[in-house]
Amino acid sequence: MSGGELSGDGGPSGGDGPSSGGGSLGARLDALCDAFESAVRGGAAPGFSAYLSRVGPGERDGLLAELTPLAVELLESRGEADPASAVLAANA
């Protein structure tokens, strides 16, 4: 997956809804974080909504806690001057 593409293998657009994917919560969150990281490394904006929609309401805080520092780290690594502001803007 590249360039912000969303795939059916755990990425935001695939699957059957928030509770799809079976497996442990940790494994599902890891897969979503990996898909997010791949998309952002490919140049996508660090938007969270497509990823948050893939988990149930009770799991969103945990995923957000994983995605937020990951987004900041990824934007820092690609030279973003103010990565925290960029993350906020992408998720406003």
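Step by step: first the residues of the range 1-34, then only those that are closer than 20 Å to Glu76 by Cβ and in contact with a helix residue (DSSP H, G or I) (Cβ under 8 Å, 6 or more places away or on another chain), then the one that is modelled with the highest pLDDT. Which residue is that? Can you show your working first?
Going through the range 1-34, the residues closer than 20 Å to Glu76 by Cβ turn out to be 4, 33-34.
Applying the additional criterion that residues be in contact with a helix residue (DSSP H, G or I) (Cβ under 8 Å, 6 or more places away or on another chain) yields 4, 33.
On the way: Gly4: 39, Cys33: 97.
Result: Cys33.
Can you tell me which residue among Ala45, Ala27 is of a type outside the set (Asp, Glu) and exposed (fewer than 14 other Cβ atoms within 10 Å of the Cβ)? Step through it out loud before you land on a result.
On the way: Ala45 fails: exposed (fewer than 14 other Cβ atoms within 10 Å of the Cβ).
Being of a type outside the set (Asp, Glu) and exposed (fewer than 14 other Cβ atoms within 10 Å of the Cβ) holds for just one of Ala45, Ala27, which is Ala27.
For residues that are of a type in the set (Lys, Arg) and part of a loop (DSSP other than H, G, I, E, B), scanning just the range 53-92, find the one that is most open to solvent (accessible area, probe 1.4 Å).
By that ranking, first place goes to Arg78.
The values are calculated or read from the model by the stated rules, or taken from the named source; none is laboratory data. Nothing here was measured: the structure is a model prediction, and the numbers come from that model. A quick note on method: Cβ atoms are made from the backbone with ideal geometry, for glycine too, and the neighbour counts reach across all protein chains shown. For the accessible areas, the whole protein counts, side chains as well, though only heavy atoms, and no ligand, DNA or RNA atoms are used. Shrake-Rupley method; radii C 1.70, N 1.55, O 1.52, S 1.80 Å.
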